[in-house]
Amino acid sequence: MAKSALVIVESPTKAKTIRKFLPKNFMVEASMGHVRDLPQSAADIPKDLKEQAWTKVGINVEQGFEPLYIVPKGKSKIIADLRRKLKEVDELYLATDEDREGESISWHLLELLKPKVPVHRMVFHEITKKAIEEALQNTREIDMRLVRAQETRRTLDRLVGYTLSPLIWKKIAYGLSAGRVQSVALRMIADRERERMRFLQANYWDIQAQLKLSQGPADVFEAKLLTVDGTRIASGKDFDETTGKLSEGKTVRVLDEAAAKSISKSLEKAEWKVQSIEERDVTSRPSPPFITSTLQQEANRKLGMTAKDAMRTAQGLYEEGLITYMRTDSPNLSQEAIRAARDAVKDLYGQEYLSPEPRQFSAKQKGAQEAHEAIRPAGAEFTHPKDTGLAGRDLALYELIWKRTVASQMAEAKKRSMSVKIAAANTVFQANGSRILFPGFIRAYVEGADSPEAALEDREVMLPPMQEGSKLAPTLVDPQEHETKPPPRYTEASLVQGMEKAGIGRPSTYASVIGTLVDRDYVRKVANALVPSFTGMAVVQLLEKHFDQLVDLGFTSKMEAS
């Protein structure tokens, strides 16, 4: 007779999906997330420990930082139900996620259930029939290194938060909080705001010309003033952000309104002709498949989703068996995934759009563990977005993941860029154009950008056929005033990118960190920008003055890596 088993996962959705791939004699139940945690309030502390001062924090600092774990309200019934069902089976499978949090949940379940039957730790990165069958055949014991790593971070977060928060209540306002990663992220946003406050605006002029060939196609193209009498004309990058004056060592000419208009008028009767043409071919490679942080960034840029919304939606796609595990810092693809992506490219775009060799990627960010595969469509054959039955943001996010994965195995895009210098009287103008020779991966996916200027780079800008000496006629010579711009405020996408680059926090925590900053009113969202509030700035200043090490990026990064 086949052995019966109880399989425990975190959520009902995950349980429902897994149940389809397991034998009939397997029960699948959900723990509904964590089953034990540090006490959240004095009411959670057991009566026999209430007199102990250390229990208010939940960590006994004098006894090796031993944590006090309690079963949160509402979880006792779940634990009782799991204990009852455990008595009916021959084996227990703990199938929580294979990361620190998932490993911790499995360990806490083991501590609470105290099973008398054999226990197996079952791990998988996607919820497909093949993955579940392989996981059943390759179980392991609970990895206590992951459990201790989660416990250490939870302990540090509690010690920082519970010791600093009361001080902030006393000095600023009740109900505020501090956190090991949260406070550093807030400092990054505050530092950017200070840069903007120190910024001094500079004004300068340039000249834009609308030109066409004197003989030939009537296509009009744009050129910008480059030099006057051989001296380069100043642009925004030539000014110091903190003084509003030209940066030291710059040998450029700053045009004012009078000079720009005078030059424009002098060009009305000038002869315009092509001085030189430079052409070069450029190839570009596709971006790596998604990891947690890049998925949050692109979902914010392209779909307008917050980091929290992106992770919640991805969690649903994972639990439905549509994508692989969404908490990962590895852009690596399995051989199965590479084959599936390459098959999709051949079927949808043709052999010429396939990269000559399978393309593999490695992590670039600090402290990447690369324990999991990249975020990709699940299975050995990728389900096309139109065949998923999804709608709304679920479909939009799945399509983003599908396109990015497929594009990673596509051929390079090839462009030809053209730089044309145009002489007119004592001035030289420059026109830039680009033409896509072969779209390659751009057929499927183009990475988003935070700045409008960067977003224009993948556009074609067509120039009419010209050669050196070709005569041109201006249709408009337009003097234009410009103002230098302060550094942009962080968006959720650029903050995640900045935290990842600095090695602050973990990809799986970025969404909750940003959510806390907004919920505590430390930061307000204005359009897509994160703007620190007066409260947020006050908290940062207090921490910088008295606890500078705790909001130091380098210190926090080293702690994360240890």
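The values are calculated or read from the model by the stated rules, or taken from the named source; none is laboratory data. What you see is a predicted model; the values in this text were computed from it and never measured. Please note: Cβ atoms are built from the backbone with ideal geometry, for glycine as well, and neighbour counts cover all protein chains shown. To get the accessible areas, we keep the full protein, side chains included, count just its heavy atoms, and leave off ligands, DNA and RNA. Shrake-Rupley method; radii C 1.70, N 1.55, O 1.52, S 1.80 Å.
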Please list, in chain and number order, the residues 5+ apart from ILE323 or on another chain whose amide H is under 5 Å from its amide H, with Hs placed from the backbone.
TYR318, ALA378
Does anyone have the angle between helix 307-319 and the longest principal axis of the chain? Alpha-carbon axes, 0 to 90°, nearest 10?
60 degrees
Give me Rg/Rg_expected for region 285-398, where Rg uses Cα atoms only and Rg_expected = 2.2 N^0.38 Å with N residues.
1.06
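Given a 1.4 angstrom probe, what's the average accessible area per residue across the chain, in square angstrom? Please list the in-between numbers first.
Numbers: 28150 Å² over 562 residues.
Per-residue accessible area for the chain comes out at 50 Å².
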Under a crude label model (7 Å from the Cα following the beta-carbon direction), how far is MET462 from VAL61 in nanometres?
7.0 nm
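For the chain, with all protein chains present and a 1.4 Å probe, just round the carbon and sulfur fraction of the accessible area to a whole percent. Working shown, then result.
Details: 14010 of 28150 Å².
That share works out to 50 percent.
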Along Cα→Cβ, 7 Å out, is where each label goes; now give me the distance between the ones at THR251 and LEU437 in nm to one decimal.
3.6 nm
Hey, any idea what the orientation-averaged projected area of the convex hull of the chain's Cα atoms comes to, in nm²?
32.4 nm²
Semi-axes of the equivalent ellipsoid of region 287-346: what are they in whole Å, largest first, if each equals the square root of 5 times a C-alpha gyration tensor eigenvalue?
22, 13, 11
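Only four residue types carry charge here, +1 at the Cβ of Lys and Arg and -1 at the Cβ of Asp and Glu. Report the dipole size of region 4-96 about the Cα centre in Debye, rounded to the nearest 20.
Numbers: 16 positive and 12 negative charges, 120 e Å.
With Lys and Arg at +1 and Asp and Glu at -1, about 580 debye.
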Using the crude model of +1 on Lys and Arg Cβ and -1 on Asp and Glu Cβ, and no other charge, please compute the dipole size for the chain relative to its Cα centre, in debye to 20.
1020 debye
Over what distance in Å are the Cα centres of region 238-263 and region 427-448 separated?
30 Å
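For Cα pairs less than 8 Å apart in space and 6+ apart in sequence, what is the mean separation divided by the residue count of the chain, i.e. the relative contact order in percent? Walk me through the numbers before you get to the answer.
Working: 1014 pairs, mean separation 99.4, N = 562.
This gives 18 percent for the chain.
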Note: LEU303 to ASP281 extended length (0.36 nm per residue) minus current alpha-carbon separation gives 4.7 nm
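Can you give the charge dipole size of region 508-549 about its Cα centre, rounded to the nearest 20 debye, using +1 on the beta carbon of Lys and Arg and -1 on the beta carbon of Asp and Glu?
Details: 4 positive and 4 negative charges, 25 e Å.
The calculation lands at about 120 debye.
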Could you give me the percent of Cα pairs per 10 Å distance bin for region 143-243, shortest bin first, beginning at zero and ending with the bin that holds the maximum distance?
11, 19, 17, 14, 12, 13, 10, 3
Under the rule a/c < 1.5 gives rounded, and otherwise a/b versus b/c splits prolate from oblate, where does region 262-316 land using the Cα gyration tensor?
oblate
Here, trypsin sites (Lys or Arg not before Pro) of region 299-389 satisfying both criteria (DSSP loop; at most 12 other Cβ within 10 Å) are LYS364
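Whenever you get a sec, line up ASP37, ASP394 from highest to lowest accessible area (probe 1.4 Å, protein heavy atoms).
The most accessible residue leads, giving ASP394, ASP37.
Using DSSP to call loops (not H, G, I, E or B), can you name the GluC sites (Glu not before Pro) in region 228-326 whose Cβ has at most 13 other Cβ atoms within 10 angstrom? Please report the intermediate quantities before stating the final value.
Details: sites: GLU241, GLU248, GLU257, GLU268, GLU271, GLU278, GLU279, GLU298, GLU319, GLU320; in loops: GLU241, GLU248, GLU268, GLU271, GLU320.
Answer in residue order: GLU248, GLU268, GLU271.
Any of LYS77/LYS116; LYS212/LYS302; LYS224/LYS501; LYS245/LYS525; LYS75/LYS129 with alpha carbons more than 28 Å apart? Name them for me. Don't skip to the end; give the middle numbers.
On the way: LYS77/LYS116 20 Å; LYS212/LYS302 36 Å; LYS224/LYS501 35 Å; LYS245/LYS525 32 Å; LYS75/LYS129 30 Å.
Violating the 28 Å Cα-Cα cut-off are LYS212/LYS302; LYS224/LYS501; LYS245/LYS525; LYS75/LYS129.
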Which trypsin sites (Lys or Arg not before Pro) does region 234-293 hold that lie in a coil by DSSP with at most 11 other beta carbons within 10 Å?
LYS269
For the chain, what does the helix formula give at 222 nm: sum of -39500 (n - 2.57) over DSSP H segments with n ≥ 4, over the residue count, nearest 500 deg cm²/dmol?
-11000 deg cm²/dmol
